[in-house]
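Please read the structure below before turning to the comments.
Every number here is computed from the coordinates shown, using simple stated rules; none is lab data. All values derive from a computational prediction rather than experimental measurement.
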Amino acid sequence: MKKDKPNILWITVDACRKDIFYNLPYIKKLMKKSIVFENAFANAPWTLPSVASMFTGLYPSQHGALNEKTKLKENVKTIAEILKEEDYNTIIITQNDGWITPYYGLTRGFERFYDIEKMIEEILKIKLPEDKRKRLLIRMFAKYLVGYDVLTKRMLKYLIKNVDEPWFIYVHLMDSHLPYEPKSFPLVSIIRYLVFYKDWKKKMQKTWIGEKSFTERELKMLRKYYIGALKNVGRQIIKIISLINNNDETILIITADHGENLGEYGLVGHQFSFHDTLLNVPLIIYAPQAGARRVNSLFETKDIFYLLQDIKRGGLKNFYRKDYV
């Protein structure tokens, strides 16, 4: 590998609450040897515009991916396209088959595109139904039979071992997105949760317009499942890090596209809100030679685009001396 072109592994955790994520035992251990941002803010409270901003360095009003009927503008260049021009092998692995797709332009510049959910379907030879409740139940069984996390790790292990350096790999994890799927919970408990998810979701939508509110018991269950799902993510990330531990010139970036409301302000989910619970997201940068420190200054996640270009231009040395870290 060329010394001025470190490998880059970027993990985005969907719907990740910074306050909870930063307190997970696995993640706290990682933070002790990483650069940790306390005031990183997403540029949108949901996936499509937020990830598009991170990939382009632009605000949603500039890149054009604003809603389900709009896409990334054709004349907008992504970080994957830029790194590809610099001889990086560009790869994307996603568990989000709703927004991280070629249709919306978010896979532009990636030479290899792996949709974990589509791979699960292929392994099990099933076609997921349109009915959302049936889809959720099948996804849950598929997760237990095959394991999204296991498949993601094995895919990464193979790629890291076999793809020529330098490489840029983007991974999008979905455990902490509704419906929360804590793999460590008893299967019966999770099925019970999913069976009632449809009615619960209708109630959630009514809370957005003030017609309904959740009981404390319901919110307690919600938080329990969310934290359980986020713990899954923490374990996945530590396993992923074990794949690159012997490479002192691989940079790991962990962030989120947005957070999640868990009853705060009378809201659940990530709609109709611009509170810190949604926008103040985790951002951890781990590079063995960089050391550990806390960054308290404001940082917009769209600027990860520029941060990666600094790494590309000056290698690790340039990255270490930047004021924003």
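The separation of region 296-310 from region 162-176, counted between C-alpha centres, amounts to 19 Å. The length gained by stretching the chain between PHE113 and LYS224 to full extension, at 0.36 nm per residue less their Cα-Cα distance, is 36.6 nm.
Pairs exceeding a 25 Å alpha-carbon distance, out of LYS153/LYS201; LYS18/LYS302; LYS203/LYS224; LYS18/LYS153: LYS153/LYS201.
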